[in-house]
Structures are given as structure tokens and as C-alpha cells.
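The values are calculated or read from the model by the stated rules, or taken from the named source; none is laboratory data. Worth saying up front: this structure is predicted, and the values here are computed from it rather than measured. Note: ideal-geometry Cβ built from the backbone for every residue, glycine included; neighbour counts use all protein chains shown.
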């Protein structure tokens, strides 16, 4: 199984890069996982233009046979157990890749939302994009652990 995380922006601080590396290492037992960083567009006070440009960059990384899950504030929320169950259902659909997308600070262009198979909200809270990436990786890891009956989830 191949999982891809497409994220607008880079992990700047060393501690975020170290956390990402740790979860990528842990996830190797369950899936092939890669991170694709999209450059964030300079803020020129034109959110619609920024969404469009970042949206084009995101869509260029998505393949026809990908199952796309966007992290969207207005998306569906799950408990960790429900997320694990949802991911196990999604992973049995036979897609070539499962792609999680973390947008930029201005959100997603409508074209990206239209391409999504699932809109997922981690919380009503707003997180820095760097933190959201680590939380996503941890929850994907947790979902595999829950599905396998491992003691990680408490």
C-alpha cells in the first residue's frame, strides 16, 4: 500500500522534521509512505489567487487512480477509533495510492475539494500546518495500530 502526504509548505524547525522522520519510520511496518511538499505561494493579499496557484500545484501531484483525502476544517470529524475504521475501509477500495492533502494557510481551491474523495477534519481547532502534518502522521500510525489490535492506542 502506498500513502502519500501532499503538504503546502515545508517543515522549517528541526523538531518537526525529527517528528516526521520518526512517524515515517514507524509507518514503514504498514505501508510505503512519502511526503511531497508544495511551495507555498507568497501572500499578496489575494487569497483566491493563492488558492488557485497552490491548487494547481497540488492537482499536478495527484494521479487519476489516487484516493484523495483533504484535511478540511469543514470536513467530517472522527474519533481515533472511527478514523481507524474509516481508513481500513478506504484502504480496501483498491486504489493505487492513498493521498492526504494539507492545504496552505488560505485553504483549498474549489478544484482540489472537487477532486477529493473524502474531506477530513482533525478538529474544529486551527493548527499550524507543520503541526497538522505531524498530527496526521500520528493518527495514520495510530489507525494502523488500532486495526492490528496493537497496544499503542489507549
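Overview of results
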read-out: Test for residue 101: is it in a strand (DSSP E or B) and either crowded, with 16+ Cβ neighbours inside 10 Å or touching a residue at least 60 places away in the same chain (Cβ under 8 Å) (or both); value: yes
read-out: Residue check for residue 89: touching a residue at least 24 places away in the same chain (Cβ under 8 Å) and either more than 14 Å from the chain's Cα centre (by Cα) or not in a helix (DSSP H, G or I) (or both); value: no
read-out: The listed residue being under 25 Å from residue 109 (Cβ atoms), surrounded by 14 or more Cβ atoms within 10 Å (Cβ to Cβ) and modelled with pLDDT of 95 or more, out of 57, 49, 26; value: 57
read-out: Residues satisfying the stated conditions in the range 111-137, i.e. surrounded by fewer than 18 Cβ atoms within 10 Å (Cβ to Cβ) and closer than 22 Å to residue 65 by Cβ; value: 111, 114, 117, 118, 119
read-out: Cβ-Cβ under 6 Å pairs, at least 6 apart or on other chains, the range 34-55 side touching a residue at least 24 places away in the same chain (Cβ under 8 Å) and on the phi < 0 side of the Ramachandran plot, far side in a helix (DSSP H, G or I) and exposed (fewer than 15 other Cβ atoms within 10 Å of the Cβ); value: 36/61; 55/111
read-out: Test: residue in the range 118-134 that is touching a residue at least 60 places away in the same chain (Cβ under 8 Å), in contact with a strand residue (DSSP E or B) (Cβ under 9 Å, 6 or more places away or on another chain) and closer than 17 Å to residue 83 by Cα; value: yes
read-out: Residue that is surrounded by fewer than 17 Cβ atoms within 10 Å (Cβ to Cβ), out of contact with any strand residue (DSSP E or B) (no Cβ under 9 Å at 6 or more places or on another chain) and either outside any helix (DSSP H, G or I) or modelled with pLDDT under 95 (or both), where the choices are 64, 37; value: 64
read-out: Hits in the range 67-89 (condition: under 16 Å from residue 148 (Cα atoms) and surrounded by fewer than 17 Cβ atoms within 10 Å (Cβ to Cβ)); value: 80, 81, 82, 85, 86, 88, 89
read-out: Selection status of residue 140, within 24 Å of residue 53 (Cβ to Cβ), under 11 Å from the mean Cα position of the chain (by Cα) and surrounded by 20 or more Cβ atoms within 10 Å (Cβ to Cβ); value: no
